[in-house]
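This report refers to the structure that appears directly beneath it.
Just so it is clear, none of the values below were taken in a lab; they were calculated from the coordinates. Everything quoted here is computed from the prediction, not taken from an experiment. With ideal geometry, Cβ positions are generated from the backbone for all residues, glycine too; neighbour counts draw on all protein chains shown.
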Amino acid sequence: MTASTARAERRPSPRKRAGNGAARQHDADEIGLDALVGHAGYAVRRFQIWIFQDFIKTLGDVDIRPTQYSVLTVIGANPGLSQMAVAKRLGIERARLVHLLDSLEQRKLVKRVKSKTDRRSHALHLTAPGETALTKFKRLAAEHERHVEAKIGKENRERLLQILAGFT
């Protein structure tokens, strides 16, 4: 049993009521997590929340969200991909990607070009301003990755990427 598990087990349930029937107030750190302490999914989700918050803060001045950055990066690395190919590669619902591309197109970062081989699909390309913007976004994303490294350490970051590589 780890020290954190022991603390979690000793803590009273936050649902127990004070003697007068009112719910007791707790600081977030005082609330026991019980079995969640040992759940990888819970820990990964909490880390993801921190990651996204830092990404959004670091790239806040350029108003780019993690999914937008991912889409721009894949299009930049693979000009001419179809919307379906991008959606499939990144695991984004097709309807959500269409909405996301609409917003990137309005910002003049991406353009859709009718496919020469399939009239039903569009080839995706970065615009010239999109290429310039992506260079800046990548610089800021590298700063964000330095924040991750500062939070968990260089070796842990590298190991985490190795572990997660099977899911990308």
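Do the conditions hold for Lys88, that is, is it under 24 Å from Arg139 (Cβ atoms) and either among the charged types (D, E, K, R) or touching a strand residue (DSSP E or B) at 6+ places or on another chain (Cβ under 7 Å) (or both)? Even if it seems obvious, please write down each step before you answer.
Working: under 24 Å from Arg139 (Cβ atoms): no; either among the charged types (D, E, K, R) or touching a strand residue (DSSP E or B) at 6+ places or on another chain (Cβ under 7 Å) (or both): yes.
Considered against the rule, which asks whether it is under 24 Å from Arg139 (Cβ atoms) and either among the charged types (D, E, K, R) or touching a strand residue (DSSP E or B) at 6+ places or on another chain (Cβ under 7 Å) (or both), Lys88 comes out as no.
Within the stretch 131-151, the set of residues being surrounded by 12 or more Cβ atoms within 10 Å (Cβ to Cβ) and of a type in the set (Gly, Ala, Ser) comprises Ala133, Ala141.
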